[in-house]
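Notes for the one structure printed next.
Rule-based calculations on the coordinates, nothing more; no lab input. The structure displayed is predicted, hence computed values, not measured ones. Heads up, the Cβs are rebuilt from the backbone with ideal geometry, glycines too, and the neighbour counts pull from every protein chain shown.
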Amino acid sequence: MFRLAYNTNGLAHNRVLDALHLLADLGYEAVALTPDAGLLDPYLLDADEVARVRAAAEELGVDLALETGSRFLIDARRKHFPTLLEDAPADRARRVDFLVRCVDLAADLGAGVLSLWAGGAPDGSHGDPEGPGASDELWERLTTGLIEVLARGRAQGVQIGFEPEPGMFLERPSGYAELVRRLGSDGDELGLTLDVGHLLCTGDLPVGAVIREYAGRLVQVHLDDIAGGEHVHRMFGEGDLDLPETLGALLEVGYDGMAAVELSRDAHRGPEAAREAMEHLRAALTPSSE
């Protein structure tokens, strides 16, 4: 069975070791770490802290994964800048450097999966096959950067997962499939990080059907609710996600990775949100007596 996890971007005001103990106490079996300012910052790493986090996770029996969605860690003024798609080669190189640092951190932590995304194209275009199409230059930038990150992941024994993200260059599972195709033989190594809430934004429904279609590529799953197709991560029950159907599909296909709750907007009430989310998850996984 998959392991229930929580993303530390929803515990942004908690120390990382405190977050691990809190989540383990709540019954989470895994933690998706988002390196950020004050939390395993890849540019200011303390090797002793990294060792303490790994030791604590092992002692608690909690598996780790790494997420790379910090907002202002690379550039203090521009959210998620730079991406792998920027016009300037030096900017693209900064993103690759950040991702490589994160791969190395994942290896040091014993985290088996690292998730990333494309970012937005400078011209606002999208590469998903259903859209008007994007320039080959943008595709080349993306695949070139990813090949370098995939190579580092291969060397460090870290699985790279690609997450389609609403509003970015690739926002649908079909865009991920096209990326795999364009990567050629390197695409065999690129797994899919699937955020089920995103499917409600892009209209890739039903969620269970998408899970079944891409089951063989899943390396990480994010859980959140979405209301009215708006890309705002909400607590389960506040939107349109059928949580029992979603978790049932993951069980059906034999997915055995992490299913990580991602509620970054609830960080101001992080411990309570983590507790509430676990209650929803347990209820959704409990067979009905009817």
Exercise for the section: Just order 109-121, 238-250 by mean Cβ neighbour count inside 10 Å, highest at the front, would you? Expected result: 109-121, 238-250
Fill in the blank from the handout: For G197, the net charge from surrounding residues (Cβ-Cβ under 9 Å; K, R +1; D, E -1) works out to -3
Exercise for the section: Considering only DSSP beta bridges where both residues belong to the range 3-285, give the percentage that are antiparallel (nearest 5). Expected result: 5 percent
Fill in the blank from the handout: Ranking L200, L44, L73 by how far each Cα lies towards the positive end of the charge dipole of the chain (+1 on Lys and Arg Cβ, -1 on Asp and Glu Cβ), the top one is L44
Fill in the blank from the handout: Full extension between A93 and I147 adds, at 0.36 nm per residue less the Cα distance, a length in nm of 18.2 nm
Handout entry: Axial C-alpha extent at least 27 Å, average Kyte-Doolittle at least 0.0 - helices from the chain (DSSP)
Key = 89-109
Handout entry: Helix-only mean residue ellipticity at 222 nm for the chain, each DSSP H run of n ≥ 4 adding -39500 (n - 2.57), per residue, nearest 500
Key = -13000 deg cm²/dmol
Fill in the blank from the handout: If S174, S185, S264 are placed from fewest to most neighbouring beta carbons inside 10 Å, the sequence is S185, S264, S174
Practice task
Please give the FRET efficiency for H231 paired with E58, using the beta carbon to beta carbon distance and R0 = 45 Å, rounded to the nearest 0.05.
Solution key: 0.80
Problem - Fewest-first sequence of Y176, Y43 by Cβ atoms within 10 Å of each Cβ - result: Y43, Y176
Handout entry: Residues with amide H under 5 Å from that of A227, placed H, sequence gap 5 or more
Key = V232, D240
Exercise for the section: Find out how many positive minus negative residues lie around I211, taking Lys and Arg as positive, Asp and Glu as negative, among other residues whose Cβ is under 13 Å from that of I211. Expected result: -4
Fill in the blank from the handout: The set of residues whose placed amide H lies less than 5 Å from the amide H of R3, leaving out same-chain residues fewer than 5 positions away, is G257, M258, A259
Exercise for the section: Can you check what the net charge comes to around D224, using other residues whose Cβ is under 9 Å from the Cβ of D224 (Lys, Arg +1; Asp, Glu -1)? Expected result: -2
Handout entry: Separation of the L17 and E245 label points, Cα + 7 Å toward Cβ, nm
Key = 4.5 nm
Completion exercise
From fewest to most C-beta neighbours within 10 Å, the residues Y28, Y6 line up as Y28, Y6
